[in-house]
Amino acid sequence: MRGFIRPLAHVDMMAAAQPFVSGAISKTITCPKPRRSPDAVRTPHAIPEKMVKAVALYRDGSKLSQPLAASYLDVGDGD
């Protein structure tokens with residue numbers, strides 16, 4: 001999957017920057033759809049462990065109008 005950043009990588013990036021910011025870094029993270037994927041299980045626990053603030057965590061496809069999708073759809077080449 002091109003261009004996809006693992007949800008735990010988002011948390012790690014925020015944790016690296018958080019000590020240098022007096023407030024919170026607001027970030028929306030989209031987790032993959034499979035309910036038992038390792039990232040879907042670990043990410044909610046990693047957020048408070050790494051002292052990250054202001055995270056909105058969504059499962060891919062859970063919102064009718066989500067801005068980004070974590071899955072890849074093959075729509076063909078326009079033929």
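Numbers for the structure displayed
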| item | result |
| --- | --- |
| 5 angstrom amide H check on residue 28, placed H, neighbours 5+ away | 56 |
| Accessible area (Å², 1.4 Å probe, nearest 10) - residue 51 | 140 |
| Length gained when the stretch residue 33-residue 53 is fully extended (0.36 nm per residue, less Cα-Cα span) | 4.9 nm |
| Net charge of Cβ neighbours under 14 Å - reference residue 24; Lys, Arg +1; Asp, Glu -1 | +3 |
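The values are calculated or read from the model by the stated rules, or taken from the named source; none is laboratory data. As the structure is a prediction and not an experimental result, all values here were calculated from the model. Note: ideal-geometry Cβ built from the backbone for every residue, glycine included; neighbour counts use all protein chains shown. Side chains are part of the model used for accessible areas, which takes the heavy atoms of the whole protein and leaves out ligands, DNA and RNA. Shrake-Rupley method; radii C 1.70, N 1.55, O 1.52, S 1.80 Å.
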